[in-house]
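Participant: Before I ask anything, here is the structure I am working with.
The values are calculated or read from the model by the stated rules, or taken from the named source; none is laboratory data. The structure displayed is predicted, hence computed values, not measured ones. Note that we place each Cβ from the backbone using ideal geometry, even for glycine, and neighbour counts take in every protein chain shown. Note: accessible area is taken over every heavy atom of the protein model, side chains too, but ligands, DNA and RNA are not part of it. Shrake-Rupley method; radii C 1.70, N 1.55, O 1.52, S 1.80 Å.
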Amino acid sequence: MAEGWNKAREISRRVGKGAAQAGRASWRAGRATATGTKRAGAATARGAHKMGQATRRLTHANGAGRTGLGRLIELSIGNSAADAFVTVALASTVFFGVPVGEARGSVALYLVITMIPFALVAPFVGPILDKFRSGRRYVIAGTLFGRGLLCFAMAAAVGPGDLPTLFAGALGVLVLSKAFTVSRAAIMPSVLPADITLVSANARVALFSLVTAGIAVPIGAGLTAWLGSAVMLRVAMVAFLLIGVFAVRLPRHVDSPDLEEEAPEEGGRAERWRSLLNVGPAVTEAMLANVGVRLFSGFLLFFLLFLVQDLGAPWLLVKDTFFDVPKTIGLLALAAGLGGLVGAAVANWARNHSPQLIVLLTLGLTVATTVATAIFFNLWTAIAISIVTAFSQELGKLALDAIVQREIGEEVRSSTFGVVEALLQMAWVFGGLVGLLLSLTENGPPGFITLSVVLFAWLVWLLIRRRRRIKAVNARIDEQRQPPTEPVPRPAAEQAWAHEEPPTPDEQPGQVDRTKPLTNPYG
């Protein structure tokens with residue numbers, strides 16, 4: 001019995017000793033894990049801090065930190081990232097997993113739904129923003145807070161699959177996003193440093209926004225695949241709310257004082273209600289050129305997307321081809337992103353060139369590339385047209401923004417930007433509908449031939465219109481420069497009479513002084 005107890009005590013002692021050693025090992029492993037995690041977190045924090053410092057040096061360069069342009073760029077970076085999160089979350093909810101035939105109907109319905117509000121809201125968004133010139137910081141913050149609340153509503157609608165709420169929320173996010181863009185473009189002249197032109201400042205904002213979107217899209221896609229669309233929308237909600245707080249802290253000088261509005265003349269319209277007929281010839285010309293590029297951009301996106309999905313591209317018909325449908329779509333998307341980045345970089349480089357010529361050159365470049373794609377349609381020409389279209393769209397839009405900011409006064413600038421954004425959006429939607437329709441042919445060249453004819457006619461019409469306008473301006477200048485005509489010499493008697501004193505009223509022939517009594521000259 002005693003030996004049994006001794007053996008039990010020995011076994012218990014050994015078990016306890018082993019448990020203690022295991023506990024110490026676990027504690028050491030936990031401490032090592034915690035130390036490693038701490039070091040990794042510290043390294044990540046140091047990397048993020050260094051990246052933030054480098055980004056701030058870039059955004060605040062050339063005096064942008066003193067005027068507030070740097071803060072506006074940082075605000076645009078956050079807005080671009082949050083918009084990318086919303087786009088990825090909604091795309092994974094509505095469009096992924098839908099058959100091609102059904103996707104055409106869904107996409108067409110979405111395009112029509114997005115076009116109608118802009119046609120209705122465009123005449124009112126700009127004037128409303130012009131009325132709040134003294135509180136533009138709060139208007140920008142309101143667009144961000146509103147999108148945050150809409151993301152919360154859409155996140156609640158993802159679970160039950162409430163498509164009407166998702167479409168309404170996406171529409172509201174789109175409208176508020178355009179209102180943010182209009183407000184940001186309207187305050188750009190007030191934060192412009194002396195050493196930076198308007199084209200360069202707009203290009204700097206666009207460049208940082210595009211780079212941020214390119215980084216945020218894969219991050220958002222990964223988080224959406226891991227956490228789901230509802231969580232991703234809530235992440236976007238938090239991002240919008242935080243960015244809205246940052247928007248309130250923009251410099252106060254972005255809020256211009258309210259000016260006394262003059263009453264419109266009788267039979268006229270208030271000046272703030274801008275239309276396409278009274279924005280000026282330079283703005284109208286640049287806007288029409290951008291309409292052509294934007295129309296083709298919408299066409300190209302949906303035409304190539306559904307053409308590739310329907311296996312209508314010639315390189316997809318080859319057996320054992322490396323570029324299958326997913327790789328082709330990814331390559332075309334990468335080409336479009338690269339073209340946008342190059343367009344923003346070129347806009348920053350072309351700061352001293354005429355923006356009027358830039359918008360026409362972008363349209364001409366698009367026409368030439370479209371013709372080449374229609375003749376030689378293959379994978380490489382499709383990549384080339386994707387790069388050129390994104391490049392022309394970005395560069396032409398930045399030049400158009402600079403023209404509006406230069407030509408349009410402070411009191412109606414938001415109204416003009418509202419009209420411009422609405423018109424470009426409707427052109428893009430119309431082009432997308434045309435691309436959906438022509439993709440049913442499952443053949444690339446006919447669609448590109450049709451669009452090349454339309455774009456060429458559009459470019460020729462703009463050039464003729466510009467030539468007529470320049471000739472009319474030169475004629476007015478020549479008329480003003482002509483010397484005044486010398487007076488025709490009069491006869492000597494007429495000149496002598498001109499120097500005589502004018503006769504008194506009593507001496508005027510044929511007149512009677514009615515203040516004197518009438519007398520009979522013959523007695």
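Participant: Restricted to the stretch 439-493, and to residues that are in contact with a Phe, Trp or Tyr (Cβ under 8 Å, 6 or more places away or on another chain) and of a type in the set (G, A, S), which residue is modelled with the lowest pLDDT?
Facilitator: Result: G444.
Participant: Also, I was wondering about something else. Name the residues in the stretch 191-208 that are open to solvent by 20 Å² or more (accessible area, probe 1.4 Å) and modelled with pLDDT of 85 or more, would you? Lay out the reasoning, then the answer.
Facilitator: Taking the stretch 191-208 as the starting set, the residues that turn out to be open to solvent by 20 Å² or more (accessible area, probe 1.4 Å) are 192, 194-195, 197-198, 204, 207-208.
Residues satisfying the conditions are R204, L207, F208.
Participant: Find the residue count for the stretch 185-201, including only residues that are assigned to a loop (DSSP other than H, G, I, E, B) and small (G, A, S). Explain how you work it out, then say what you get.
Facilitator: Here is the first cut: in the stretch 185-201, the ones assigned to a loop (DSSP other than H, G, I, E, B) are 192-197.
Filter once more, keeping what is small (G, A, S): 194.
Counting residues in the stretch 185-201 that are assigned to a loop (DSSP other than H, G, I, E, B) and small (G, A, S) gives 1.
Participant: Just one of A247, A236 is over 30 Å from A333 (Cα atoms) and crowded, with 18+ Cβ neighbours inside 10 Å; which is it? Please lay out each step first, then the result.
Facilitator: Values: A236 fails: over 30 Å from A333 (Cα atoms).
Of A247, A236, the one residue that is over 30 Å from A333 (Cα atoms) and crowded, with 18+ Cβ neighbours inside 10 Å is A247.
Participant: Go through (1) modelled with pLDDT of 90 or more; (2) surrounded by fewer than 22 Cβ atoms within 10 Å (Cβ to Cβ) for K397 and report which single condition fails.
Facilitator: (2) is the only condition that K397 fails.
Participant: Checking T373 against (1) open to solvent by 20 Å² or more (accessible area, probe 1.4 Å); (2) closer than 24 Å to T441 by Cα, which single condition isn't satisfied?
Facilitator: (1)
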